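Here's a structure for you.
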Amino acid sequence: MATLSKLYSMREAAEHNTRDDCWVVIHGKVYDVTSYLDEHPGGDDVLLSAAGRDSTEDFEDAGHSKSARELMQDYYIGELDPDTVIPELEIFRKEKSSALTTMLMNKTVQYLAVPAVILGVSVVAGILFSRSK
């Protein structure tokens, strides 16, 4: 039989970002690692820098062992609610999308519009030159 997990919003997880109350989110799962801070092989500062946010990428980049992954279960407290929206992430995506759009438009002008104008001027000059003969 499936067990029910408590769902937490990212906003709620983000509130737990201190030495006295430290949560991390990894692969959509929420862990309360407060009691593990002093035992972490990389030091407590590693966990504190990952506290209150999705630390999946940091966790995977560190190359944790199978035993470290199994140990995580002792600190598991629930799942990240997939229906919650992170306003900061939404704003970041909009800004990034806008910057990407601007960059693409600039590149389009640089690599397509300018050569098209040069080609157009060359064709008109060629037609005018051939008619003058």
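Counting only residues that are out of contact with any Asp or Glu (no Cβ under 9 Å at 6 or more places or on another chain) and open to solvent by 50 Å² or more (accessible area, probe 1.4 Å), how many does the range 47-63 have? Explain how you work it out, then say what you get.
Within the range 47-63, the first condition is being out of contact with any Asp or Glu (no Cβ under 9 Å at 6 or more places or on another chain), and the residues that meet it are 47-48, 53-63.
From what's left, open to solvent by 50 Å² or more (accessible area, probe 1.4 Å): 48, 53-54, 57-58, 60-63.
The number of residues fulfilling the criteria is 9.
Here's something else I'd like to know. Taking the condition surrounded by fewer than 11 Cβ atoms within 10 Å (Cβ to Cβ), over 30 Å from Ile26 (Cβ atoms) and modelled with pLDDT under 80, does Lys133 pass?
Considered against the rule, which asks whether it is surrounded by fewer than 11 Cβ atoms within 10 Å (Cβ to Cβ), over 30 Å from Ile26 (Cβ atoms) and modelled with pLDDT under 80, Lys133 comes out as yes.
Same structure again: For residues that are modelled with pLDDT under 90 and assigned to a helix (DSSP H, G or I), scanning just the range 19-46, find the one that is least open to solvent (accessible area, probe 1.4 Å).
Looking at residues that are modelled with pLDDT under 90 and assigned to a helix (DSSP H, G or I), I get Asp44.
What's the total number of residues in the range 64-79 that are over 21 Å from Arg19 (Cα atoms) and either in contact (Cβ under 8 Å) with a residue 40 or more places away in the chain or open to solvent by less than 70 Å² (accessible area, probe 1.4 Å) (or both)? Talk me through it step by step, then tell me what you get.
Kept after step one, since they are over 21 Å from Arg19 (Cα atoms), are these residues of the range 64-79: 64-67, 69-70, 79.
Narrowing further to those that are either in contact (Cβ under 8 Å) with a residue 40 or more places away in the chain or open to solvent by less than 70 Å² (accessible area, probe 1.4 Å) (or both): 64-65, 79.
Residues that pass the stated criteria total 3.
The values are calculated or read from the model by the stated rules, or taken from the named source; none is laboratory data. Keep in mind that this is a model prediction, so the values were computed, not measured. Here Cβ is always computed from backbone atoms with ideal geometry, including for glycine, and neighbour counts include all displayed protein chains. Side chains included, ligands, DNA and RNA excluded: accessible areas come from the protein's heavy atoms. Shrake-Rupley method; radii C 1.70, N 1.55, O 1.52, S 1.80 Å.
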